[in-house]
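J.: Below is the structure I would like to discuss, written out as structure tokens.
The values are calculated or read from the model by the stated rules, or taken from the named source; none is laboratory data. Bear in mind the structure is a predicted one, so any value in this text is a computation, not a measurement. Cβ placement follows ideal geometry from the backbone for every residue including glycine, while neighbour counts extend to all protein chains displayed.
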Amino acid sequence: MHIAICAKQTPSTTAVLAVEDGKVTWSDPGGSPDIANPWDEYAIEEAIRLKEKHGGKVTAISMGPEEAREALKTAIAMGCDEAVLVSDEAMKGSDTLATSYVLAKAIEKLGDVDLVIFGRQAVDGDTGQTSMQVARRLGWTPLSFVVAVDEVDAEGGTVTVTRAIEAGRQKVKGPLPAALSVLKEINEPRYPSFKGIRQATKYMRRSLPIWATADLEADSSKIGAAGSRVRWLQVYALPPKEGECTMIEADSPEAAAAELVDKLLEEKVL
Amino acid sequence: MGFQLSEEQQMFRSAVRALAEKELKPRAREIDESAEFPVDLIPKMAEMGLLSMAIPEECDGADVGAISIAIAIEEIGRVCGSTGLSVAAHTSLGCFPLARWGTPEQKGRWLPLLGSGASMGALCLTEPGAGSDLRGVKARGVRDRGDWVISGTKAWITNASLAKVLVVYLQTDPEAGKRGYSMLLVETDRPGVTIHPKEKKMGVRGSPTHQVSFDDVRVPAENLLGEEGRGLQQTLETLDGGRIGIGALAVGIAQGALEEAVTYARERTAFGRPVADFQAIQWMLADAETEIEAARLLVRRAAWLKEHGQRFTREAAMAKLYASEMAERVTRNAIQILGSYGYSSEYPVERMYRDARLMTIGEGTSEVQRLVIARQVLKRY
């Protein structure tokens, strides 16, 4: 079975972001400012587990600038077999519509993919759209908010998953190939091993293929800013949070708790 | 000359930090209070390669090199000194001598067990009556019909209760002077081996420390590790590497304490402003940052020399001496910055202070480090 995962490099979750003249910059004194989108680690983990169970290989795909390799490095370090960076100046300024076109083209180019797995969303853009747009573009079974992959029947060509829906859980079965977006509940991602890290840094230096628009035989009007429908009109930092601290004083802990509950109800926190 | 970690080393660091933050930091207080090593984390640490850092790749190890070992131990020490100490001792004192002097059979038998954490590594060196004085050990190994018979008592042995095999330093020929010592491998299930109850300690309480006695323990000749009569030299070489590990651990503990102090100083107000606004606090923070950086550079330079196959005895001693004494100052001042809260076990800095205190004692006291450095200085000029 050939499983693909799509992953994105994002700012670290502990990075300090700053906005100046509409430009966002970030740094992280505690470590690397760029990381693999944390949601994508669940997709990577699930793909590796499926490979361990059913055999085959896992290919990681990422779209981004040439230097944006953190997501792919993490993917290989965790245990993916191969990685592809899809990168082209012309892809700059892509919204999810343009991104999904490029990713779908890359998955088509891989040729024999049975299953593509995404994290539910990226921590920077937070749209959560790309996975289902890719499914639509490929015409594959779209399975979003997956919390368990119950069965993959490669021979019968079906996949059964459990989805989280507002009212509870839903078990669905659909034909392969399929595109999944997964939630945190699905697994606990492994830490990259030292051996994996060594392999990943070597792979990034020597073997990483970089596919440009021409390699994908993509229509240049559908990529980058040209292929996008969303424009960033304004980017600004949120005003700092303000708040005040009230100490609840009462005769007994029970009375204090009751007063706290009243206040929380009043503020519509509860 | 470069001060930049390689891409691989940076990624090791992030990976270890992620594990430390998620798995160890939330439990560090409990590990200290219960004085229980978090054995349930051993498989996770092993899977990452944290327990096979000094094991060659052909024995299924991660073999990451001295610099990455220092980075990993620093990162673990930053959140949990106890786990840091056990991993440091496992790596430098348990795995290293086996990887360095083991026969193919010894390596094949033991290194996979050490790498998987099925056995934690432990070196039996110190005795109730001898520590700094390596030639004063009383434990003996005597040849008897092709076997070795071991008798004596070892003290302050890190990880002994988690080990399946011990590296034991013994006098094997009282007539041979400094060539009268050897290292033997002793399986802990041999008749006559007693691992005594855990020592009660001031700090690094979650790292188990034991007295171990050997009562006419018989091991076969093939348990000799390295060369007969070379035990003293082998031990000195092992300790040189161990000192880099303790230096790295001290840097990590100090770094953790500084971060706690900064967080607190920003939040705590006095006289209407955060205490971080006051110069008295800022100077302590500035000194801590500077001294931690200096210690880290000493540790990494010693590690770099080791990794490049150069002599590093003097550098390892300097790194261990400076880093451990620095960690005492930094953790002490961290308590000072947190005031009464710093003295309370509600905050981690008092634990860090207790943990740091061992660093100037274990694997060669500050006094022994000064002796080692002074010898090198007097030889040099």
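J.: Just a yes or no: is a residue in the range B:250-260 in contact (Cβ under 8 Å) with a residue 12 or more places away in the chain, under 29 Å from B:Y181 (Cβ atoms) and crowded, with 17+ Cβ neighbours inside 10 Å?
T.: Yes, the range B:250-260 contains a residue that is in contact (Cβ under 8 Å) with a residue 12 or more places away in the chain, under 29 Å from B:Y181 (Cβ atoms) and crowded, with 17+ Cβ neighbours inside 10 Å.
J.: Can I ask one more? Among (1) surrounded by fewer than 15 Cβ atoms within 10 Å (Cβ to Cβ); (2) away from chain B (no Cβ under 14 Å); (3) in contact with a Lys or Arg (Cβ under 9 Å, 6 or more places away or on another chain); (4) of a type in the set (G, A, S), which single condition is A:S62 missing?
T.: Condition not satisfied by A:S62: (1).
J.: Another question, if that's okay. Could you check, for the range B:308-317, whether at least one of its residues is within 19 Å of B:R78 (Cβ to Cβ) and β-branched (V, I, T)?
T.: No, because not a single residue in the range B:308-317 is within 19 Å of B:R78 (Cβ to Cβ) and β-branched (V, I, T).
J.: Still on this structure: Keeping to the range A:67-81, report how many residues are in contact with a strand residue (DSSP E or B) (Cβ under 7 Å, 6 or more places away or on another chain) and either farther than 12 Å from A:I3 by Cβ or free of Cβ contacts under 8 Å to residues at least 40 places away in the same chain (or both).
T.: 8
Here is a yes/no grid of residues against (1) in a helix (DSSP H, G or I); (2) of a type in the set (V, I, T); (3) in contact (Cβ under 8 Å) with a residue 24 or more places away in the chain:
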residue: B:K306; (1), (2), (3): yes, no, yes
residue: B:R311; (1), (2), (3): no, no, no
residue: B:E315; (1), (2), (3): yes, no, no
residue: B:M326; (1), (2), (3): yes, no, yes
residue: B:I335; (1), (2), (3): yes, yes, no
residue: B:S345; (1), (2), (3): no, no, yes
residue: B:E350; (1), (2), (3): yes, no, no
residue: B:L358; (1), (2), (3): yes, no, yes
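J.: I want to confirm something. Restricting to the range B:1-46 and keeping residues that are among the acidic types (D, E) and touching a residue at least 24 places away in the same chain (Cβ under 8 Å), which single residue is farthest from the other protein chains (Cβ to nearest Cβ)?
T.: The selected residue is B:E33.
J.: Continuing with the same structure: Need the failing condition index for A:P189 against (1) at pLDDT 95 or above; (2) at positive phi, just the number.
T.: Exception for A:P189: condition (2).
J.: Looking at the range B:29-46, which of its residues are buried (at least 22 other Cβ atoms within 10 Å of the Cβ) and either more than 27 Å from B:A303 (Cα to Cα) or of a type in the set (F, W, Y) (or both)?
T.: Result: B:I31, B:D32, B:F37.
J.: Given the conditions (1) assigned to a loop (DSSP other than H, G, I, E, B); (2) away from chain B (no Cβ under 14 Å); (3) surrounded by 10 or more Cβ atoms within 10 Å (Cβ to Cβ), and given that A:A257 satisfies all but one, which numbered condition is not satisfied?
T.: (1)
J.: Name every residue in the range A:12-43 that is more than 14 Å from every other protein chain (Cβ to nearest Cβ) and buried (at least 17 other Cβ atoms within 10 Å of the Cβ), in order of residue number.
T.: A:N37, A:W39, A:D40, A:Y42, A:A43
J.: Working only within the range B:47-61, note down all residues that are buried (at least 24 other Cβ atoms within 10 Å of the Cβ) and more than 10 Å from chain A (Cβ to nearest Cβ).
T.: Residues satisfying the conditions are B:L51, B:A54, B:I55.
J.: Can you tell me which of B:D144, B:D173 is surrounded by 16 or more Cβ atoms within 10 Å (Cβ to Cβ), in contact (Cβ under 8 Å) with a residue 40 or more places away in the chain and not aromatic (F, W, Y)?
T.: Selected residue: B:D173, the only one of B:D144, B:D173 that is surrounded by 16 or more Cβ atoms within 10 Å (Cβ to Cβ), in contact (Cβ under 8 Å) with a residue 40 or more places away in the chain and not aromatic (F, W, Y).
J.: Moving on to the next point. Residues in the range A:168-213 that are in a loop (DSSP other than H, G, I, E, B), under 24 Å from A:D114 (Cα atoms) and within 14 Å of chain B (Cβ to nearest Cβ): how many?
T.: 4
J.: When the residues of the range A:1-59 are narrowed to those that are of a type in the set (A, V, I, L, M, F, W, C) and part of a helix (DSSP H, G or I), which ends up farthest from A:A237 (Cα to Cα)?
T.: A:L50
J.: All but one of (1) within 29 Å of B:A72 (Cα to Cα); (2) surrounded by fewer than 19 Cβ atoms within 10 Å (Cβ to Cβ) hold for B:G203; state the number of the condition that does not hold.
T.: (2) is the only condition that B:G203 fails.
J.: Moving on. Of all residues in the range B:63-86 being touching a residue at least 40 places away in the same chain (Cβ under 8 Å) and in a loop (DSSP other than H, G, I, E, B), which is nearest to B:T209 (Cα to Cα)?
T.: The selected residue is B:C80.
J.: Looking only at the range B:62-85, decide whether some residue is within 14 Å of chain A (Cβ to nearest Cβ) and over 18 Å from the mean Cα position of the chain (by Cα).
T.: yes
J.: Still on this structure: Restricting the first residue to the range B:100-116 and requiring it to be among the basic types (K, R), which pairs with a second residue that is part of a helix (DSSP H, G or I) meet a Cβ separation below 8 Å and a spacing of at least six or different chains?
T.: Taking only residues 6 or more apart or on different chains, the pairs are B:R100/B:Q234; B:R100/B:E237; B:R100/B:T238; B:K107/B:C59; B:K107/B:L98; B:K107/B:A99.
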